[in-house]
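Asks: I'd like to ask some things about the structure below.
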Amino acid sequence: MALSKDRHTREYESYTLNDSGETAIRTKGEGVFKPSGLNVEGKLTQVTLNTSTWTALPPTALTNRNAISIFNESAEDILIQYDNAAAFGLTIGPDEERQYDITDAIVIYGKSTVGTPTILVEELA
């Protein structure tokens, strides 16, 4: 369909009626659209980190996860990374957190800079 040169026609054509007869914005997209945030359930997991190995956050992901928060409740810096063989990571300081819209297919790893701190991971599905 060619785009009309008239602005009012283009605006009118951007709307449609849904199955209930209500006005809705016309959209066309590829793939699957899923809402983010808490829709099904949530899960809190405590994870203890160490300085020598990357640990999955959390060790077992919540099925159908769409968001994650990593809370560093310890007194030490921690590192996060997507590669469990990396030599560096993104620092999360004491009493800081990071949040991501992320599926359960993607693993985030954590490592401590000192000691064996326990952190809190919140997941939403």
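We did not get these values from a lab; they are worked out from the coordinates using the rules stated. Keep in mind that what you see is a predicted model, and the values were worked out from it rather than measured. Here the Cβ is made from the backbone with ideal geometry for all residues, glycine too, and neighbour counts use every protein chain on show.
Asks: Using the Cα centre of region 42-124 as origin and beta-carbon charges of +1 (Lys, Arg) and -1 (Asp, Glu), tell me which of Phe71, Ala85, Asn50 is placed farthest towards the positive end of the dipole.
Replies: Ala85
Asks: What is the spin-label model distance, in nm, from His8 to Ser20 if the labels are put 7 Å beyond Cα along the C-beta direction?
Replies: A separation of 3.0 nm, rounded to one decimal place.
Asks: For a footprinting-style exposure proxy, rank Leu57, Leu49, Leu79 by other Cβ within 10 Å, fewest first.
Replies: Numbers: Leu57 22, Leu49 25, Leu79 18.
With the fewest neighbours first, Leu57, Leu49, Leu79 line up as Leu79, Leu57, Leu49.
Asks: On the first, second and third principal axes, largest extent first, how far apart are the outermost C-alpha atoms of region 31-125 in Å?
Replies: That works out to 41, 25, 18 Å along the principal axes.
Asks: Can you list the chymotrypsin sites (Phe, Trp or Tyr not before Pro) in region 62-125 that are in a DSSP coil and have 10 or fewer other beta carbons within 10 angstrom?
Replies: Values: sites: Phe71, Tyr82, Phe88, Tyr100, Tyr109; in loops: Tyr82, Phe88.
Answer by residue number: Phe88.
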